[in-house]
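Working notes, beginning with the structure itself.
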Amino acid sequence: MTDTLRLSKRMTELGLCSRREADEFIEMGLVRVDGEVVDVLGSRVRPDQQIELTRQAMAMQADRVTILLNKPVGYAAGLSENGEWPAWMLIKPETRSASDHSGYAFLKKHLNQLAPAGKLDVDSSGLLVLTQDGRIARKLIADAADFEQEYLVGLDGEVSEAALARLAAGVTVDDELLKLARVSRQSDRQLRVLLRDSHKRQIRRMADAVGLRVTEVRRIRVGRIALGDLAQGQWRYLRPEERF
């Protein structure tokens, strides 16, 4: 007998939507399995069955936005742990970048269920992706290793060749081997770091392990999307043609 799995899980595997969106669409009767509407949560399907969203579900997805924010230090990317302001509070008409040519009109509903697609520490700055679209959230979180992230790292002091070589080779911290996709010297006191599937505070932990003191971590790119000329504290919409 062919193994079955939850419909919502299978929808996520197929990249149709996030798990949360899958449950929402199922409850609304907006999912078809082999041409038949399925509206019962917990329904199971075989891997060979055809699953599709209705036009209404696809229209709902098309109406969901993704926002790119140049997060300042001191703001929490997601839920606050120590009383910091959440980054989404910076999303308002007066902080929208003048260079936003997406064509979107700002609507209050664009803040509903807006969630960070990936981590960015409170004491780090730069490109933060906030999205209502479960497909984008899944790509940047569940498939994070497929998307290179680029950082500029400021240091309190010059970087020796030995320290740079250790960072390039990987560093064991707390019995965990941490590796960078690439590291290079940007200037005497700044590194350019490329990461895939980063661990919590990875750059700072690795720098500390080789005797370097970090003064700034700024993310300037996620996948193919760069921070560009987006000023600190400002934001813009991801344009429909842009892809991570």
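Is it the case that Ala181 is closer than 28 Å to Gly15 by Cα, touching a residue at least 24 places away in the same chain (Cβ under 8 Å) and over 17 Å from the mean Cα position of the chain (by Cα)? Outline the logic, then answer.
On the way: closer than 28 Å to Gly15 by Cα: yes; touching a residue at least 24 places away in the same chain (Cβ under 8 Å): yes; over 17 Å from the mean Cα position of the chain (by Cα): yes.
Criteria met by Ala181.
Does Leu194 satisfy being in a strand (DSSP E or B) and within 24 Å of Trp88 (Cβ to Cβ)? Steps first, answer last, please.
Numbers: in a strand (DSSP E or B): yes; within 24 Å of Trp88 (Cβ to Cβ): no.
No; evaluated as a whole, the condition is false for this residue.
Residues of region 195-227 being farther than 30 Å from Ala162 by Cβ and either charged (D, E, K, R) or modelled with pLDDT under 95 (or both), which ones?
Let us first name the residues in region 195-227 that are farther than 30 Å from Ala162 by Cβ, namely 222-227.
Once the filter is applied, which keeps residues that are farther than 30 Å from Ala162 by Cβ and either charged (D, E, K, R) or modelled with pLDDT under 95 (or both), region 195-227 yields only Arg224.
Might you check whether a residue that is in contact with an Asp or Glu (Cβ under 8 Å, 6 or more places away or on another chain) and either over 29 Å from Arg243 (Cα atoms) or among the polar types (S, T, N, Q) (or both) occurs anywhere in region 70-84? Even if it seems obvious, please write down each step before you answer.
Restricting attention to region 70-84, the residues satisfying the condition of being in contact with an Asp or Glu (Cβ under 8 Å, 6 or more places away or on another chain) are 73-77.
From what's left, either over 29 Å from Arg243 (Cα atoms) or among the polar types (S, T, N, Q) (or both): none.
So far as region 70-84 goes, no, none of its residues is in contact with an Asp or Glu (Cβ under 8 Å, 6 or more places away or on another chain) and either over 29 Å from Arg243 (Cα atoms) or among the polar types (S, T, N, Q) (or both).
May I ask you to verify whether Gly83 is at positive phi, exposed (fewer than 15 other Cβ atoms within 10 Å of the Cβ), at pLDDT below 90 and of a type outside the set (S, T, N, Q)?
yes
Residues that are in contact with a strand residue (DSSP E or B) (Cβ under 8 Å, 6 or more places away or on another chain), closer than 30 Å to Trp235 by Cα and among the aliphatic types (A, V, I, L, M): list the strands (runs of 3 or more DSSP E) wholly contained in region 10-78 that include at least 3 such residues. Even if it seems obvious, please write down each step before you answer.
Working: elements: 31-33, 51-53, 66-71.
Passing ranges, in order: 66-71.
Residues of region 118-134 being under 16 Å from Arg224 (Cβ atoms) and at pLDDT below 95, which ones?
Matches in region 118-134: Gly118 only.
When you scan region 199-227, how many residues do you find that are assigned to a loop (DSSP other than H, G, I, E, B) and either free of Cβ contacts under 8 Å to residues at least 24 places away in the same chain or of a type in the set (A, V, I, L, M, F, W, C) (or both)?
First, pick out the residues of region 199-227 that are assigned to a loop (DSSP other than H, G, I, E, B): 199-201, 210-213, 223-224, 227.
Remaining after also requiring either free of Cβ contacts under 8 Å to residues at least 24 places away in the same chain or of a type in the set (A, V, I, L, M, F, W, C) (or both): 199, 210, 212, 224, 227.
Qualifying residue count for the region: 5.
Within region 135-153, how many residues turn out to be of a type in the set (D, E, K, R), buried (at least 19 other Cβ atoms within 10 Å of the Cβ) and modelled with pLDDT under 95?
First, the residues of region 135-153 that are of a type in the set (D, E, K, R): 135, 138-139, 143, 146, 148, 150.
Next, only the ones that are buried (at least 19 other Cβ atoms within 10 Å of the Cβ) stay: 138-139, 150.
Applying the additional criterion that residues be modelled with pLDDT under 95 yields 138-139.
The total comes to 2.
Got a sec? Which strands (runs of 3 or more DSSP E) wholly within region 135-188 have at least 1 residues that are under 30 Å from Gln113 (Cα atoms)?
Details: elements: 149-155, 171-173, 176-178, 182-187.
Filter on region 135-188 gives 149-155.
Filtering region 171-196 down to residues that are surrounded by 15 or more Cβ atoms within 10 Å (Cβ to Cβ) and touching a Phe, Trp or Tyr at 6+ places or on another chain (Cβ under 9 Å), which residue is farthest from Leu127 (Cα to Cα)?
This residue is Leu191.
For region 26-35, how many residues are over 11 Å from Glu52 (Cβ atoms) and of a type outside the set (Val, Ile, Thr)? Write out each step before concluding.
Initially, region 26-35 is screened for residues over 11 Å from Glu52 (Cβ atoms), giving 26-29.
Still in the running and of a type outside the set (Val, Ile, Thr): 27-29.
Adding up the residues that qualify gives 3.
The values are calculated or read from the model by the stated rules, or taken from the named source; none is laboratory data. Small disclaimer: the values here were computed from a predicted structure and weren't measured. Heads up, the Cβs are rebuilt from the backbone with ideal geometry, glycines too, and the neighbour counts pull from every protein chain shown.
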